[in-house]
Amino acid sequence: MIEILNPTELTRARETGALVARVLHTLKDRSTVGTNLLDIDRWAKELIVEAGALSCYVDYAPSFGRGPFGHHICTAVNDAVLHGRPHDYALADGDLLTLDLAVSLGGVAADAAISFVVGDARPPESVAMIEVTERALAAGIAAARPGARVGDLSHAIGTVLGDAGYPINTEFGGHGIGSTMHQDPHVSNTGRPGRGYRLRPGLLLALEPWVMQDTAELVTDADGWTLRSATGCRTAHSEHTIAITDDGAEILTLPRPS
Ligand code: MG
């Protein structure tokens, strides 16, 4: 199903997007050396509840996961990349952490992810990989406008990732979003321009380029959820929810000045 939001729903989507950004960046600020992933999950729950929002993750139980996710945020460390299930782990200096959060407020969902290095260490390969996913995300957003096709966005994202030398996995990518977290159309992180669904004003998309340093192959953790790189290499992931407007795209999950 592809939803086109009306102006009232778009106003709500902006509020949801702002909340997702605020929670993510609050949690990023609190993610320092020694912080436990279970504390990040607990803080995420508190911030979501306090805002009167609902987690899109707690009861999420798709075919590829083992039962309901049961947590409020995805925390993926180093070789973990997607659906990282919070567990008892204290962050170390130089860890590459991805926080991925989707909530629903007023009946509209928003979804975003940020990757960053914890502490003072700045491992160059990790910093570069994060920067490439951010650049790929920006390229996908720049290609988003009414009349453009999903393949144009996929191509823009995939060109940045591929030119930087990263293998591209096509099992998981971006998606439509609206009254629920995951909707059509699927937005692959590589594709051919001029193909696929034609974008219309009022469509919400979550774009999410992610890469692994030296492989496109994923393995599932013993927890039945967390997806890791098959080689144990590090990974990075950047995601925004955008709304297609009359003349381009609006990023809904950018942090707002407080
Ligand atoms: Mg997503």
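If you check LEU199, LEU205, which single one turns out to be modelled with pLDDT of 95 or more and within 16 Å of the ligand (Cβ to nearest atom)? One residue alone meets the criteria, LEU205. Going through (1) surrounded by 15 or more Cβ atoms within 10 Å (Cβ to Cβ); (2) out of contact with any His (no Cβ under 8 Å at 6 or more places or on another chain); (3) among the hydroxyl-bearing types (Ser, Thr, Tyr) one by one, THR231 falls short only on (1).
Taking the condition over 25 Å from THR133 (Cα atoms), surrounded by 18 or more Cβ atoms within 10 Å (Cβ to Cβ), at pLDDT 95 or above and touching a Ser or Thr at 6+ places or on another chain (Cβ under 9 Å), does ILE48 pass? So ILE48 passes the test. Taking region 218-258 and the strands (runs of 3 or more DSSP E) fully enclosed by it, the elements with 1 or more residues that are in contact with a Phe, Trp or Tyr (Cβ under 6 Å, 6 or more places away or on another chain) are at 235-237. Scanning region 96-111 for residues that are of a type in the set (D, E, K, R) and surrounded by fewer than 22 Cβ atoms within 10 Å (Cβ to Cβ) turns up nothing. Just to be sure before I move on: is ASP100 under 25 Å from ARG30 (Cβ atoms), more than 15 Å from the chain's Cα centre (by Cα) and not basic (Lys, Arg) in the structure I sent? No: the conditions fail for ASP100. ALA139 fulfils the conditions (1) without any contact (Cβ under 8 Å) to a residue 40 or more places away in the chain; (2) in contact with a Leu (Cβ under 7 Å, 6 or more places away or on another chain); (3) among the hydrophobic types (A, V, I, L, M, F, W, C) except for a single criterion, (2). Scanning region 73-116 for residues that are away from the ligand (no atom under 12 Å from the Cβ), within 17 Å of THR133 (Cα to Cα) and aliphatic (A, V, I, L, M) yields ALA76, VAL77, ALA80, VAL81, LEU96, LEU97, LEU99, ILE114. The set of residues in region 154-171 being under 18 Å from the mean Cα position of the chain (by Cα), aliphatic (A, V, I, L, M) and outside any helix (DSSP H, G or I) consists of ILE168 alone.
Quick grid of which residues meet (1) in contact with an Asp or Glu (Cβ under 6 Å, 6 or more places away or on another chain); (2) at pLDDT 95 or above; (3) within 23 Å of CYS233 (Cβ to Cβ); (4) within 16 Å of the ligand (Cβ to nearest atom):
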{"position": "VAL118", "(1), (2), (3), (4)": "yes, yes, yes, no"}
{"position": "GLU134", "(1), (2), (3), (4)": "no, yes, yes, yes"}
{"position": "VAL150", "(1), (2), (3), (4)": "no, yes, no, yes"}
{"position": "ILE157", "(1), (2), (3), (4)": "no, yes, yes, yes"}
{"position": "GLY178", "(1), (2), (3), (4)": "yes, yes, no, yes"}
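Quick check, is THR35 of a type outside the set (Asp, Glu), out of contact with any helix residue (DSSP H, G or I) (no Cβ under 8 Å at 6 or more places or on another chain), more than 16 Å from the ligand (Cβ to nearest atom) and without any contact (Cβ under 8 Å) to a residue 24 or more places away in the chain? So THR35 fails the test. Count of region 179-224 residues, restricted to those that are buried (at least 23 other Cβ atoms within 10 Å of the Cβ) and in contact (Cβ under 8 Å) with a residue 60 or more places away in the chain, is 10. Quick one: would you say ARG30 is closer than 20 Å to HIS240 by Cα and of a type in the set (Lys, Arg)? It is false that ARG30 is closer than 20 Å to HIS240 by Cα and of a type in the set (Lys, Arg).
The values are calculated or read from the model by the stated rules, or taken from the named source; none is laboratory data. Remember, it's a predicted structure, so these values are computed and weren't measured experimentally. Here Cβ is always computed from backbone atoms with ideal geometry, including for glycine, and neighbour counts include all displayed protein chains.
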